[in-house]
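Below: one structure, written as structure tokens.
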Amino acid sequence: MGEYVIKLPDVGEGVAEAELVEWQVKVGDLVREDAVLAAVMTDKATVEIPSPVDGEIVWLGAEIGDTVAIGSPIVRLKVAGEGNVKAAAESWGGEAKAPEATPAPGPSPQGGGGRASAAKADAKSIARPSAKVSAREDEPAPESASPLWGGVGSTAVGGGLAAVSGAPRLEGEKPLASPAIRLRAKEAGIDLRQVTGSGPAGRIQHEDIEAFLARGPQLAKISGLARNETIEDIKIIGLRRKIAEKMTLAKSRIPHITYVEEIDVTALEDLRAALNKEKRTGAERPKLTLLPFLMRAMVRAIADQPNLNALFDDEAGIIHQHGGVHIGIAAQTPSGLVVPVVKHAEARDIWDCAAELNRLAEAAKSGTATRDELSGSTITITSLGAMGGVATTPVINHPEVAILGVNKMMVRPVWDGTQFIPRKMMNLSSSFDHRVIDGWDAAVFVQRIKALLETPALIFVD
């Protein structure tokens with residue numbers, strides 16, 4: 001038997017490190033060649049790491065949320081044959097150590113080395129999510145697992161657990177109480193977090209309830225309402241951390257100017273409905289939403305103001321003005337916010353824009369969008385649909401210089417000079433990088449889009 005070390009591979013595009021976002025294996029698992037071991041994230045693309053060999057997992061070198069350098073060891077396997085442990089040790093330097101709660105590989109599965117390692121682990125390390133180790137079928141669970149049940153000093157006696165002892169519970173910690181105590185407290189309208197327990201480890205007894213009630217009903221009775229003073233610490237990892245970094249960068253470096261304009265989309269909605277009802281021959285056309293019309297309007301407006309379709313390298317002091325219009329569409333997915341990109345919108349008609357939008361939306365929702373599909377935008381649209389609100393202040397997708405925000409459409413009375421008539425109205429909230437886009441230019445751009453959307457036939461006229 002030998003050992004095989006798997007290092008974090010080069011995931012391309014000059015990336016020097018990646019964030020570990022998922023383990024699909026644990027210590028003790030038997031894996032086959034090409035089985036997925038983990039997933040790492042670079043920028044907004046997630047890459048799966050497969051196993052190049054068959055073997056048994058004996059060590060995992062990082063926790064979820066850790067940033068790992070390319071070439072760093074992340075997994076050790078026990079394999080048939082010599083493995084690659086010598087070559088790995090030279091580059092590894094022999095410095096890395098397994099997490100202290102992970103059983104150290106012994107000479108054989110029955111050698112008991114894993115049990116000794118687990119028995120020495122303290123309560124804190126055993127409770128860490130990254131240190132959870134499932135017992136193998138041919139190996140019994142560690143005998144000294146008492147830290148999971150009570151104080152560090154608790155031990156099993158005669159097949160049972162010794163009485164739990166320790167310091168009183170900390171403020172905000174879930175109170176210890178039997179089901180009978182909890183039922184009585186609920187019936188009496190008592191918040192158990194306000195009761196001081198006199199039992200072992202602060203466990204609440206019947207006499208503690210009696211004493212609490214005796215101090216006064218005004219403290220005990222809470223009419224079903226109770227203060228919640230618990231605090232949950234949630235580590236920001238994966239896509240959410242990438243979003244946080246991106247938003248911080250954009251707001252700290254880009255002075256935003258936001259321009260909100262009201263648009264009458266009644267004619268546009270009539271045209272859209274008519275096109276969707278049109279009998280089509282040949283290939284099935286996708287259903288049209290408002291976004292393809294907005295994309296084509298942006299292409300027409302950018303032709304007059306190409307400086308809006310640009311990336312600003314503020315460190316070099318250079319504006320990269322693009323000929324191709326690559327429109328990012330900010331989309332909410334179960335994993336968080338992503339921005340799939342419709343490349344070369346200037347070369348797509350209204351139907352092609354709609355089809356590409358549908359394809360990218362499905363890929364983003366299912367998590368199968370590629371790195372290329374999630375990068376390369378030169379200007380962005382953000383839309384919350386029916387949740388769009390009256391107005392928003394969109395954050396620019398750095399290093400772009402403009403973003404358009406679509407607000408929800410509402411039927412409102414509009415004065416036509418003689419009377420109020422119902423019209424379908426929608427606000428467009430747009431933000432611009434004020435370092436390179438003046439307020440006047442921003443207003444001209446939005447007004448041009450407004451004119452095109454209010455007279456949608458102009459979108460189709462060259």
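The values are calculated or read from the model by the stated rules, or taken from the named source; none is laboratory data. Model, not experiment: these values are computed from the prediction. Glycine also receives a Cβ, built like all others from the backbone with ideal geometry; neighbour counts cover every protein chain displayed.
Only one of E284, E362, E356, E278 is among the acidic types (D, E), free of Cβ contacts under 8 Å to residues at least 40 places away in the same chain, more than 26 Å from H434 (Cβ to Cβ) and in contact with a strand residue (DSSP E or B) (Cβ under 7 Å, 6 or more places away or on another chain). Can you tell me which?
Criteria check complete, one pass: E356.
In the list A443, A386, which residue meets the criterion of being assigned by TED's automatic domain parsing to the domain that holds H344, hydrophobic (A, V, I, L, M, F, W, C), surrounded by fewer than 12 Cβ atoms within 10 Å (Cβ to Cβ) and at negative phi?
Just one listed residue meets the conditions, A386.
So, I421, is that one more than 17 Å from I381 (Cα to Cα) and in a strand (DSSP E or B) or not?
yes
Cβ-Cβ below 9 Å, separation at least six or inter-chain, first residue in region 43-62 and touching a residue at least 24 places away in the same chain (Cβ under 8 Å), second surrounded by fewer than 17 Cβ atoms within 10 Å (Cβ to Cβ) and part of a strand (DSSP E or B): which pairs?
Close Cβ pairs (under 9 Å, with a partner that is surrounded by fewer than 17 Cβ atoms within 10 Å (Cβ to Cβ) and part of a strand (DSSP E or B)) amount to T46/E22; I49/V36; S51/V36; D54/L30; G55/L30; E56/L30; I57/L30.
In this structure, does L453 turn out to be surrounded by 18 or more Cβ atoms within 10 Å (Cβ to Cβ) and part of a helix (DSSP H, G or I)? Walk me through how you get there before you give the answer.
Working: surrounded by 18 or more Cβ atoms within 10 Å (Cβ to Cβ): yes; part of a helix (DSSP H, G or I): yes.
Here the answer is yes, as L453 does meet what is asked.
N407 fails exactly one of the following numbered conditions: (1) closer than 24 Å to L288 by Cβ; (2) modelled with pLDDT under 90. What is the number of that condition?
(2)
Sort out which residues of region 318-338 are at pLDDT below 95 and either over 28 Å from T368 (Cβ atoms) or among the hydrophobic types (A, V, I, L, M, F, W, C) (or both), and write them in order of number.
Within region 318-338, A330, A331, L337, V338 meet the criteria.
Evaluate the following for L225: is it at pLDDT below 90, under 30 Å from S375 (Cβ atoms) and not in a strand (DSSP E or B)?
no
Taking the conditions exactly as written (under 25 Å from I437 (Cβ atoms) and of a type in the set (G, A, S)), does A273 satisfy them or not?
No; evaluated as a whole, the condition is false for this residue.
Find all pairs meeting these conditions: Cβ atoms under 9 angstrom apart; at least six residues apart or on different chains; first residue within region 1-19 and among the basic types (K, R); second residue exposed (fewer than 15 other Cβ atoms within 10 Å of the Cβ).
Pairs that qualify, where the first residue is among the basic types (K, R) and the partner is exposed (fewer than 15 other Cβ atoms within 10 Å of the Cβ), are K7/G71; K7/S91.
Look at G389 and say whether it is closer than 24 Å to V338 by Cα, free of Cβ contacts under 8 Å to residues at least 24 places away in the same chain and not β-branched (V, I, T).
Considered against the rule, which asks whether it is closer than 24 Å to V338 by Cα, free of Cβ contacts under 8 Å to residues at least 24 places away in the same chain and not β-branched (V, I, T), G389 comes out as yes.
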